[in-house]
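The values are calculated or read from the model by the stated rules, or taken from the named source; none is laboratory data. Just so it is clear, the model here is predicted, and its values are computed rather than measured. Cβ: placed from backbone, ideal geometry, glycine included. Neighbour counts: every protein chain shown. Note: accessible area is taken over every heavy atom of the protein model, side chains too, but ligands, DNA and RNA are not part of it. Shrake-Rupley method; radii C 1.70, N 1.55, O 1.52, S 1.80 Å.
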Amino acid sequence: MQKLTGFGFQPATTQPITAAADSGNVFSFSTSTTSSTEAANNPLVAFTAAQPKPEGVNVGISDDFRFGDKSSSTKPGSSTHAFRASRTNSPFSFPVRKQTLESQWRDVDWTEEQKTSLMKTVSSYKPSCEEVTGARVLLLGPVGSGKSSFISSVQSVFNGRVTNWAMVGSSSTSFTKKLQSFNIHAQRGESPTGLVLCDIMGLADGEMTGLTLHDTLSVIKGHVPEGHKFCPDQPVSCETVGYVKKPSLKDKIHCVAFIVDISKIMSYPKGLVTTFQHLREHISDLGVHQVALLTHVDQICPETAKDASQVYKSPIIKEMIDKAGALLGMSTSYILPVKNYSSELDLDVNTDVLLLSAVDHILQYANLYFQDNVRAQR
């Protein structure tokens, strides 16, 4: 039980209540009454927290008022609860939800040994289909979600230092305009691994400002040549320079990874949500497996920002993964959080394990595609 004291309360005013907060400035109060008579007889207080209020919270205050939960409205990352006061002599106190859980809700080994094991798994991966040398994974996501950063971060792990391999932008419009395929190399100068990450123009709220559904499906089907520059008002067609009329299995996309900014899940515009739904439906019709990676986890969880190994102890990240599942119409077992390298100069073993776990997850579903293809040819 954590006690917060020092709150003042003036029932006959609509001015904000003077409030003391915990060390993280998590809690604040303000009155929500509209008349002094109502306030005096039946005061209401709005309770705002940086996290949703825990179940069973019972708020009291030391000047003989207690506040019991009556109604609430929720938005991403915060909650506002209305409380109606009743007299009590109990001091103000209530339980505060922990920033991290006692144990992980997904079992991950955060060690150098695990990092080494995952690196070996990825570097030794070979597609189960002989005619294909590399599993082509298309990264799909809104502008600024971290597609290019993910590619650079994965290659950084194998390089042994942070490098910006795929060009990363910072504007509100997509920096990546072309289809670019990046062969992940286990070591500099060595042959590439069996993983190819494909970067592409970002999705947007409306097809005239971002990648279109038609062009996305053309890429997945293998019709779009490497280096093709996308333009919303010039869709890919058989007249497109380099158009692949009869793509082979090696030209196609073998797995799609949706890259979603976890800090923006609940604020994506309706048009973008519709785009996600249409993409999921059409890609599934093509028999291509899909996963989702949630980036920028450090922006919603301070503990994870300091230590990536705390990601599976974070209640807010678990909650956002559930919301991402609802957004994408996808089971949470397909969804993994990741932390890309951005301003860091040195690698971190926990961040590396998180990135490599995501890559291993992707390769499992890429291999399912090849297995499905082999069965279809029998």
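Listing for the model above:
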{"quantity": "Under-5 Å amide H pairs with residue 259, H placed in peptide plane, nonlocal only", "calculated": "140, 141, 293"}
{"quantity": "Extension gain from residue 221 to residue 307, taking 0.36 nm per residue of separation minus the Cα-Cα distance", "calculated": "27.0 nm"}
{"quantity": "Note, ³J(HN,Hα) from phi for the stretch 329-340, Karplus 6.51, -1.76, 1.60, rounded to Hz, x at Gly and Pro", "calculated": "x, 9, 4, 5, 5, 8, 10, 10, x, 9, 10, 7"}
{"quantity": "Across 120/270; 229/306; 250/323; 178/270; 246/339, pairs whose alpha-carbon gap is larger than 31 Å", "calculated": "120/270; 229/306; 250/323; 246/339"}
{"quantity": "Cβ crowding within 10 Å averaged over residues, with 363-374, 308-319 ranked highest first", "calculated": "308-319, 363-374"}
{"quantity": "Distance between modelled label sites at residue 267 and residue 374, nm, 7 Å Cα→Cβ extension", "calculated": "4.7 nm"}
{"quantity": "Whole-percent carbon and sulfur share, accessible surface of the stretch 290-329, 1.4 Å", "calculated": "44 percent"}
{"quantity": "Table column - 3J(HN,Hα) (Hz), the stretch 279-291, Karplus curve with 6.51, -1.76, 1.60, x for Gly and Pro", "calculated": "4, 4, 5, 6, 5, 4, 4, 7, x, 9, 6, 10, 10"}
{"quantity": "Accessible area per residue in Å² at 1.4 Å probe, computed on the stretch 240-378", "calculated": "43 Å²"}
{"quantity": "Percent RCO, i.e. relative contact order, over the stretch 235-358, from Cα pairs under 8 Å lying at least 6 residues apart", "calculated": "25 percent"}
{"quantity": "Descending Cα extents along the principal axes, the stretch 120-170, whole Å", "calculated": "40, 27, 14"}
